[in-house]
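These notes are about the structure you will find just below.
The values are calculated or read from the model by the stated rules, or taken from the named source; none is laboratory data. This structure is a prediction, so every number in the text was calculated from the model and none was measured. Here Cβ is always computed from backbone atoms with ideal geometry, including for glycine, and neighbour counts include all displayed protein chains. Heavy atoms of the whole protein, side chains included, go into the accessibility calculation; ligands, DNA and RNA do not. Shrake-Rupley method; radii C 1.70, N 1.55, O 1.52, S 1.80 Å.
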Amino acid sequence: MREASGPTPITRRDLARFRLASQRLVGERCTSPAEAVRWMACVQGQDLPGALESVALRSLGPAGTPATITDVRAALADGSVVRSWPMRGTLHLVPGEDLGWMVRLAAGRSRSAQVARLAALGVDDDEIDRAHRVLMEEVAGTRVRSRKQLQERWRAEGLDVSGGRGYHLLYLFVVDGLVSQVDCTGSGCTDSGGTGSGGVVHGFAHHERWLAAHGITPRTPTRDQAVAEWLERFLRSHGPARAEDFRRWTTLPLRDIRPALEAVSERLEAVSFDGATYWMDPGAADRLATAGRSADAVLLLPGFDEYLLGYGDRSHAVAPDHAQLIVPGNNGVFRRTVVHRAHVIATWKTVGSGARRRIEAAPFAPLTKAQSTGIDRAYRRHPT
């Protein structure tokens, strides 16, 4: 698409449709849930059931058919995908082999905040060291322990875990890259509080030993290599996007991002929107073309999907007047959305149970017959 005179101008609708294709929501899906997470680099994971849906919507299962929730759970169980806080203090699904360098690169502020918070709660260095020793004993080998089990052991060792101290201690060790959240079904991980959360029982394992047990080797790029790779993966999977979008997404400083953009820009496609240069994967246009009319079909997205949360400015997908309908009162809880022709037209939820379970949409404007039919079809295809 790039012209000799500069990036090709695109419209807001082009921007939205290219982003659908880049995020693998239309056109060619990724070959597996693990590959989908690698493509996206990180997938919002605050709401685990929604995160499983997000990955399934972007990937194929072993039989080459659209992935199921069970397929995504398998990736959490085999170490190819883990759940952690790599950036912004927010839970994400992350490729197992990439979590270590991502945490070292982007979790520095979160670690400093945890150390300061623990100090304010009266937890000194000696207590942190004791908590670390106990944690390493609890997750010896490939043992998995729930948050409750870890806090009970800390309490038994004389550590005060009340008032959020236990949470902040565990979070400190997570952002140090020592442990990550995994599916621990059948691993002796009890009382996790995670049973029924997307069907996953989640607990904490020693990150590198968990990977090693599943034949996965952590990657160790240099800092410059890591910034450049992460930026390129973000622009390919979220593009058209800007370096500023990546800065907001990771909180990495622009002084590191700018030289990284120079290093990777020749492998990307530049387009122009509203006077600014955006970057995307060169294959996005072909994926969109291959999708054909299905690119404008109705999609049902979970509440914290990257199609909305991956960008600071969400006007490509939702009109400003409707933003409050997705996040009522700006309470930070994103409702599930109905997308048609790359634009959010409603929120949705399920009502009833068993054979009577059905979808209920709350449209922003009266739905057309085609939209109503599209919602029903999308619900029948939605990952389960």
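Only one of ASP281, ASP286, ASP245 is under 21 Å from the mean Cα position of the chain (by Cα) and farther than 30 Å from ARG111 by Cα. Can you tell me which?
On the way: ASP286 fails: under 21 Å from the mean Cα position of the chain (by Cα); ASP245 fails: farther than 30 Å from ARG111 by Cα.
ASP281 is the lone residue from the list that is under 21 Å from the mean Cα position of the chain (by Cα) and farther than 30 Å from ARG111 by Cα.
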Can you name the residue in the stretch 316-330 that is among the small types (Gly, Ala, Ser) and assigned to a loop (DSSP other than H, G, I, E, B) and is also surrounded by the fewest Cβ atoms within 10 Å (Cβ to Cβ) among such residues?
-> ALA319
The residue from ASP296, ASP274, ASP286, ASP245 that alone is in contact with a Phe, Trp or Tyr (Cβ under 8 Å, 6 or more places away or on another chain), open to solvent by 10 Å² or more (accessible area, probe 1.4 Å) and within 22 Å of ALA21 (Cβ to Cβ) is ASP245
Go through ARG38, ARG24, ARG13 for me and flag whichever is touching a residue at least 40 places away in the same chain (Cβ under 8 Å), of a type outside the set (Gly, Ala, Ser), on the phi > 0 side of the Ramachandran plot and in contact with a strand residue (DSSP E or B) (Cβ under 9 Å, 6 or more places away or on another chain).
-> ARG24
Among PHE204, PHE173, the single one that is at pLDDT 90 or above, over 20 Å from the mean Cα position of the chain (by Cα), crowded, with 17+ Cβ neighbours inside 10 Å and under 17 Å from ARG83 (Cβ atoms) is PHE173
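Name the residue that is modelled with the highest pLDDT, counting only residues in the stretch 61-90 that are in a strand (DSSP E or B) and surrounded by fewer than 20 Cβ atoms within 10 Å (Cβ to Cβ). Steps first, answer last, please.
Residues of the stretch 61-90 that are in a strand (DSSP E or B), as a first pass: 66, 81-87, 90.
Add one more test, that the residue is surrounded by fewer than 20 Cβ atoms within 10 Å (Cβ to Cβ), and what stays is 66, 90.
Numbers: PRO66: 96, THR90: 87.
Result: PRO66.
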Among the candidates ASP286, ASP313, ASP245, single out the residue that is at negative phi and in a loop (DSSP other than H, G, I, E, B).
-> ASP313
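Test LEU252 against the criterion of being buried (at least 19 other Cβ atoms within 10 Å of the Cβ) and either more than 23 Å from the chain's Cα centre (by Cα) or in a helix (DSSP H, G or I) (or both), and give yes or no.
Values: buried (at least 19 other Cβ atoms within 10 Å of the Cβ): yes; either more than 23 Å from the chain's Cα centre (by Cα) or in a helix (DSSP H, G or I) (or both): no.
No: the conditions fail for LEU252.
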The lone exception for GLY50 - which of (1) under 20 Å from LEU308 (Cβ atoms); (2) touching a helix residue (DSSP H, G or I) at 6+ places or on another chain (Cβ under 9 Å) it fails = (2)
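Does ARG111 count as more than 30 Å from GLN225 (Cα to Cα), part of a helix (DSSP H, G or I) and either polar (S, T, N, Q) or open to solvent by 50 Å² or more (accessible area, probe 1.4 Å) (or both)? If you could, list the steps in order and put the result at the bottom.
Details: more than 30 Å from GLN225 (Cα to Cα): no; part of a helix (DSSP H, G or I): yes; either polar (S, T, N, Q) or open to solvent by 50 Å² or more (accessible area, probe 1.4 Å) (or both): yes.
No: the conditions fail for ARG111.
Only one residue in ASP71, ASP78, ASP98 is more than 26 Å from ASP296 (Cβ to Cβ), of a type outside the set (Gly, Ala, Ser) and free of Cβ contacts under 8 Å to residues at least 40 places away in the same chain, so which one is that?
Working: ASP78 fails: free of Cβ contacts under 8 Å to residues at least 40 places away in the same chain; ASP98 fails: free of Cβ contacts under 8 Å to residues at least 40 places away in the same chain.
Result of the check over ASP71, ASP78, ASP98: ASP71.
Conditions tested, residue by residue: (1) touching a residue at least 24 places away in the same chain (Cβ under 8 Å); (2) under 26 Å from ASP14 (Cβ atoms); (3) not acidic (Asp, Glu).
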| position | (1), (2), (3) |
| --- | --- |
| GLY310 | yes, yes, yes |
| ASP321 | no, yes, no |
| VAL333 | yes, no, yes |
| GLY354 | no, no, yes |
| ILE359 | yes, no, yes |
| ALA365 | no, yes, yes |
| GLN371 | yes, yes, yes |
Conditions: (1) closer than 26 Å to MET40 by Cβ; (2) assigned to a loop (DSSP other than H, G, I, E, B). TRP279 meets all but one. Number of the miss?
-> (2)
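A quick yes/no check of all residues on (1) within 30 Å of PHE273 (Cα to Cα); (2) basic (Lys, Arg):
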{"residue": "ALA289", "(1), (2)": "yes, no"}
{"residue": "GLY292", "(1), (2)": "yes, no"}
{"residue": "GLY303", "(1), (2)": "yes, no"}
{"residue": "LEU325", "(1), (2)": "yes, no"}
{"residue": "ARG358", "(1), (2)": "no, yes"}
{"residue": "THR384", "(1), (2)": "no, no"}
Which number in (1) under 18 Å from GLU229 (Cβ atoms); (2) open to solvent by 40 Å² or more (accessible area, probe 1.4 Å); (3) at pLDDT 95 or above marks the one condition that ARG29 misses?
-> (1)
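Would you point out which residue out of LEU159, LEU135, LEU118, LEU105 is in contact with an Asp or Glu (Cβ under 7 Å, 6 or more places away or on another chain) and open to solvent by less than 70 Å² (accessible area, probe 1.4 Å)? If you could, list the steps in order and put the result at the bottom.
On the way: LEU135 fails: in contact with an Asp or Glu (Cβ under 7 Å, 6 or more places away or on another chain); LEU118 fails: in contact with an Asp or Glu (Cβ under 7 Å, 6 or more places away or on another chain); LEU105 fails: in contact with an Asp or Glu (Cβ under 7 Å, 6 or more places away or on another chain).
Answer to the selection: LEU159.
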